[in-house]
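To start, the structure under review is shown below, and the notes come after it.
The values are calculated or read from the model by the stated rules, or taken from the named source; none is laboratory data. Note that the coordinates shown come from a computational prediction; the quantities given were computed from them, not determined experimentally. Here the Cβ positions follow ideal geometry from the backbone for every residue, glycine too, while neighbour counts run over all protein chains shown. Remember, those area values only see protein heavy atoms, side chains included, never the ligands or the DNA or RNA. Shrake-Rupley method; radii C 1.70, N 1.55, O 1.52, S 1.80 Å.
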Amino acid sequence: MTERFALPPSLADTRNYVDGAFVSTGQTFDNVSPLTGRVLARVHEADAALVDRAVRAARRAVDEGPWGRSTVQERAAALHRVADVIERRFDDFLAAEIADTGRPLAQARKLDVYRGIANFRTFADLGKTAHGDFYETDLADGTKLINYTTRKPLGVVASISPWNLPILSLTWKAAPALICGNAIVCKPSEETPSSATLIAEAFDEAGVPAGVFNVVHGFGPGSAGEALTRHPGIDAVTFTGESRTGAAIMKAVADGVKEVSFELGGKNAAIVFADCDFDAAVEGVIRSSFTNTGQVCLCSERVYVERPIFERFVAALKAKTEALKIGWPDEPGVDMGSLISREHREKVLSYYKLAVEEGATVVTGGGVPHFGDERDGGAFVQPTVWTGLADSARCLNEEVFGPVCHIAPFDSEDEVLARANATDYGLAASVWTTNLSRAHRVSPRLHVGIVWVNTWFSRDLRTPFGGVKLSGIGREGGRWSLDFYSETSNICIKV
């Protein structure tokens, strides 16, 4: 039954990719299927010495190799070749994403692999059209000052990407870093090492010079992640993951005053006004709460519904949630796959239990589905809806990162904005209203990096992305990525 969710053969031994070669090590760990609990592959863990080799290779690529002398047009052509390889091997990448994460095939096909290809092509093309600033200044003595800016590579970028969207997150970081002329050392999550290794195969096949793109596998503290972030040869760190880990990385790089860009956790709010398109709002909240089994930093775990439609909305969301199909990724009509691991499921289930202890009414869900087959060895969980919690409850202030939302009523704009902003996080929010004036009035008052109005998880890659407060630091996307991954110089010439 599960052979169709196997990894491509080249990943049976999932190796590191350093200085243009695939490297085995003496220490391995298991890549375990979240669908069944069976072992998918052995992953070769990088030690500090191998991380050092990767960083040194990246430095040589920038300082001595052809990459350091390349033009932006040449780098763009290289990234397009990589994208072409991924597109040609689309089914391999699809298999890797599904095997590692347990997500539905339709999502992996339409979002994850597609977006990975788009990231390389989009940033390659943005790099070719990027320009600096130019100003002419009239000086008091009657002469002029010509001012213009130039971008240069930072050098070596350390990229640490999460397990929830493996190919999307890694390419989102790698593409702008590389088009700017940097070399990169990527550390994917130990839970999802496969797509990163396939991307390394794509770089190898595309003929990108050795050392430009490197992959090291392992864990965080005491393993590849810590060795990478503490390495003195790193010039910048880009990280997506938990807020606590981001804080630890920031401390690790503080002495070297390294550039950092962090996209961290979220406890995101969805605000549903009574004048919304009701059916669209229900569908939108279903999507924003349960996509990828709730394992997206942008998911809505707090839903505020204006009181006149509150009871109707809860009933409609209950019905839609109970209609969601949980199962094998390639089953017709499947909506939800598994969580990433049984360990993560225990965390999510602990919040299900805590919510009841804190006084929640369980509208639906709250447990584990049973299948009577191999899936019972996996990490499946029921999508869950709560009501009745106080705003001070831990379950409304801590990120669950599972398929869950709490619905609460509100009576006024000022009230709901105060409640939505009363969080240590500030990544995203969604607003559902047909009142255009209200949309423009409310959105800027939400203390988050991105606000969606009548939609969710849809964004032009040329726009900025990032969070505030515990949700992160820095902005990436479009020219913001090019700014982050570049060293900008201002040239001033008196004429």
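Please compute one quarter of the surface area of the Cα convex hull for the chain and express it in square nanometres. That works out to 25.3 nm².
For the range 240-295 versus the range 129-161, the spacing of their alpha-carbon centroids is 33 Å.
The Cα trace of the range 110-188 gives Rg and Dmax of 18.3, 61 Å, the first to one decimal, the second as a whole number. Over the Cα atoms of the range 81-239, each weighted equally, I'd like the Debye log10 I(q)/I(0) at q = 0.18 Å⁻¹, rounded to two decimals. Each listed q corresponds, in turn, to -1.07. For Lys144, the lysines whose Cα falls under 21 Å of its own Cα, not counting residues fewer than eight places away in the same chain, are Lys494. A helix-only calculation puts the chain at -11000 deg cm²/dmol for mean residue ellipticity at 222 nm, using -39500 (n - 2.57) for each DSSP H run of at least four residues, averaged over all residues. In order along the range 318-330, the phi-based Karplus estimate (6.51 cos²θ - 1.76 cosθ + 1.60, θ = phi - 60°) of 3J(HN,Hα) comes to 4, 4, 5, 5, 5, 8, 5, 9, 9, x, 4, x, 9 Hz; Gly and Pro are listed as x. Taking only alpha carbon atoms, the range 183-326 gives an Rg to Rh ratio of 1.13, where Rh is the Kirkwood radius.
How much of the DSSP beta bridge set in the chain is antiparallel, as a percent to the nearest 5? Antiparallel: roughly 40 percent of the beta bridges in the chain.
Per-residue 3J(HN,Hα) values for the range 461-476, derived from phi via the Karplus relation 6.51 cos²θ - 1.76 cosθ + 1.60 with θ = phi - 60°, read 5, 8, 9, x, 9, x, x, 10, 6, 6, 8, x, 9, x, 10, 10 Hz in sequence order (x marks Gly and Pro). On the beta carbon distance between Asp279 and Lys144, with R0 = 60 Å, the FRET formula returns roughly 0.45. In plain terms, the chain from Arg462 to Ala21 could stretch by 155.4 nm, reckoned as 0.36 nm per residue minus the Cα-Cα distance. For the range 197-236, the solvent-accessible area with a 1.4 angstrom probe is 29 square angstrom per residue.
Sparse packing (at most 14 other Cβ atoms within 10 Å of the Cβ) combined with a DSSP loop state is found for the following chymotrypsin sites (Phe, Trp or Tyr not before Pro) in the range 342-430: Phe371. In summary, the aspartates and glutamates within cross-link reach of Lys267, defined as a Cα separation below 14 angstrom excluding same-chain residues under 8 places away, comprise Glu242, Glu301, Asp391, Glu398, Glu399, Asp424. The largest-to-smallest principal axis extents of the Cα set in the range 148-195 are 44, 16, 12 Å. Pairs spanning more than 22 Å between alpha-carbon atoms, out of Lys152/Lys173; Lys187/Lys325; Lys318/Lys353: Lys187/Lys325.
Note on the range 240-392: the C-alpha convex hull projects to 11.9 nm² when averaged across all orientations. The 1.4 Å probe gives accessible areas that order Thr137, Thr423, largest first, as Thr137, Thr423. The Cα-based radius of gyration and maximum Cα-Cα distance (Dmax) for the range 317-361 are 13.4, 38 Å. Surface composition of the range 426-495: carbon plus sulfur atoms contribute 56% of the solvent-accessible area (1.4 Å probe, protein chains only, all chains present).
Per residue, the range 349-483 exposes 41 Å² of accessible surface when a 1.4 Å probe is rolled over the protein heavy atoms with every protein chain present.
Note: the range 380-454, Cα convex hull, 116 Å³ per residue.
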